[in-house]
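Here the structure is laid out as structure tokens; the discussion comes afterwards.
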Amino acid sequence: MKRYAFVTGADRGLGLALVKELLQHEYCVIAGRFMADNRQLTDLAEVWQDRLSLVELDVSSDQSVADAAAQIARITDTLELVINNAGILGDIGATILDPLSMADMQQVYNVNALGPLRVTNAVAPLVLRSESKLFVQISSEAGSIADCERNSWFGYCMSKAAVNMQGALIHNEVKKSGGKVLLLHPGWVQSYMSGSLNTEATLTADESAAHLVERIQEAIPAAPGERPNYLDYAGNELPW
Ligand code: NDP
């Protein structure tokens, strides 16, 4: 039987690596494509024609998410898991003593916090119809309030804290029907968040994705807990 997984922000970075890793784990993958001109995901879809489908997706747009959900519903009526991966960094330099750009923060919040909520809202019935019933949010250690040592990164950190709260709210509903939410910090990953490939980060996107799919495989057979698990890529619990 075909097992479908849906990944947002799949053009490059961690999202693309997650798509490749899930294909290796026999999933049929539906990948959200944000950048029409990026060849990597398009080329991968040509190689994996039988198991990789692309949908155009801008998680910051209600209409785009609705269109993508309609396209997914034409492909499958069950999703084993959704991975809300799409994210942006925004301006990170300013402290409370500098001029802060509210417009930038609204954009970061719209993509990073409302994006996963829009997507989850649109596909939740398909996920709850599956066996795994797993909602995965790519959060960050930057969303931990208990561990916060930064004095800047306002938009990014606040958006990821919102993702964690959102995960708790979703979990409280979906656990009634056996569903669960997993909040994952992928580590410091070589990706394009800062505009170009960050080769200084400690993990390649492929390494991080392999760890994250291990965490997902562990979460699938587990019963829903009281709260979502908030874990780093290695499986260590993070403080909320
Ligand atoms: P990348 O920038 O490499 O990948 C993010 C992807 O999301 C890009 O393809 C990006 O497109 C896409 N995207 C941006 N905006 C939207 C949108 N509105 N709708 C759909 N897709 C969009 O970064 P990462 O791979 O590092 O990021 C993946 C996730 O991992 C994010 O949620 C991030 O917050 C999280 N994370 C990353 C860490 C790291 O060290 N890299 C650490 C902790 C968490 P485009 O490139 O055109 O913007």
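What's the FRET efficiency of Arg51 with Asn198 using the Cβ-Cβ distance as r and R₀ = 41 Å, to the nearest 0.05? Intermediate results must be reported in sequence, preceding the final value.
Details: r = 30 Å, r/R0 = 0.73.
My answer for the efficiency is 0.85.
Just need the relative contact order of the range 101-227 here, percent rounded to a whole number, with Cα pairs under 8 Å and 6+ apart. Please list the in-between numbers first.
Numbers: 146 pairs, mean separation 32.7, N = 127.
Dividing the mean separation by the residue count of the range 101-227 yields 26 percent.
Gain in length, Glu173 to Arg39, computed as 0.36 nm per residue apart minus the alpha-carbon separation, to one decimal in nm? Walk me through the numbers on the way to the answer.
Working: separation 134, 0.36 × 134 = 48.24 nm, distance 3.85 nm.
The Glu173-Arg39 span can extend by a further 44.4 nm.
For the chain, what does the relative contact order come out to in percent, with C-alpha contacts under 8 Å and a separation of six or more? All intermediate terms of the calculation are to be shown ahead of the outcome.
On the way: 468 pairs, mean separation 46.6, N = 240.
It comes to 19 percent, rounded to a whole number.
Give me the net charge for the shell around Val213: Cβ to Cβ below 14 angstrom, other residues only, Lys and Arg +1, Asp and Glu -1.
Details: positive: Arg3, Lys20, Arg215; negative: Glu21, Glu26, Glu80, Asp206, Glu207, Glu214, Glu218.
Residues close to Val213 contribute a combined charge of -4.
Taking a cut-off of 15 Å between Cα atoms, list the aspartates and glutamates near Lys176, but don't count ones fewer than 8 places away on the same chain.
Glu131, Glu226
Long-range amide H contacts for Leu54: which residues qualify at under 5 Å (H placed 1.01 Å from N, peptide plane, sequence gap of 5 or more or a different chain)?
Ala31
With each label point set 7 Å from Cα along the Cα-Cβ vector, what nm distance links Gln106 and Ala66?
2.1
Which lysines, on any chain, are close to Lys180 with Cα under 18 Å apart, when same-chain ones fewer than 8 places away are left out?
Lys133
Reachable aspartates and glutamates from Lys160, Cα under 19 Å, same-chain residues fewer than 8 places away excluded?
Partners within reach: Asp58, Asp91, Asp104, Glu141, Asp147, Glu149, Asp232, Glu237.
Between Ser152 and Ala234, what FRET efficiency follows from the Cβ-Cβ distance if R0 is 22 Å, with the result rounded to 0.05? Can you show the working numbers first?
Details: r = 27 Å, r/R0 = 1.21.
For R0 = 22 Å, the calculated efficiency reads 0.25.
Could you tell me how many degrees, from 0 to 90 and to the nearest 10, lie between the Cα long axis of helix 13-24 and the main elongation axis, the longest principal axis, of the Cα atoms of the chain?
That helix lies at roughly 20 degrees to the long axis.
Sort 62-71, 38-47, 17-26 by packing, meaning the average of other beta carbons within 10 Å per residue, with the highest value first.
On the way: 62-71: 16.1, 38-47: 13.9, 17-26: 20.8.
Final packing ranking: 17-26, 62-71, 38-47.
Taking amide H positions as placed 1.01 Å from N in the peptide plane, with prolines and chain starts having none, which residues 5 or more places from Phe6, or on another chain, fall under 5 Å of its amide H?
For Phe6, the qualifying residues are Ile30, Leu81, Val82, Ile83.
Report, in debye and to the nearest 20, how large the dipole of the range 1-111 comes out about its Cα centre when Lys and Arg carry +1 and Asp and Glu carry -1 on their Cβ. Write down the numbers at each step before the final one.
Details: 8 positive and 16 negative charges, 73 e Å.
Charge dipole, the range 1-111, about its Cα centre: 360 debye, nearest 20.
How much net charge surrounds Arg150 when only the other residues with a Cβ under 13 Å from the Cβ of Arg150 are counted, with Lys and Arg +1 and Asp and Glu -1?
Values: positive: Lys160; negative: Glu141, Asp147, Glu149.
Local charge sum for Arg150: -2.
Based on Cα coordinates alone, diagonalise the gyration tensor for the chain, multiply each eigenvalue by 5, take square roots, and list the semi-axes in whole Å, largest first.
Those come to 26, 21, 17 Å.
Every number here is computed from the coordinates shown, using simple stated rules; none is lab data. Treat the numbers as computed from the prediction; the structure is a model and nothing was measured. When we count neighbours, we look across all protein chains shown, and the Cβ atoms used for this are built from the backbone with ideal geometry, even at glycine.
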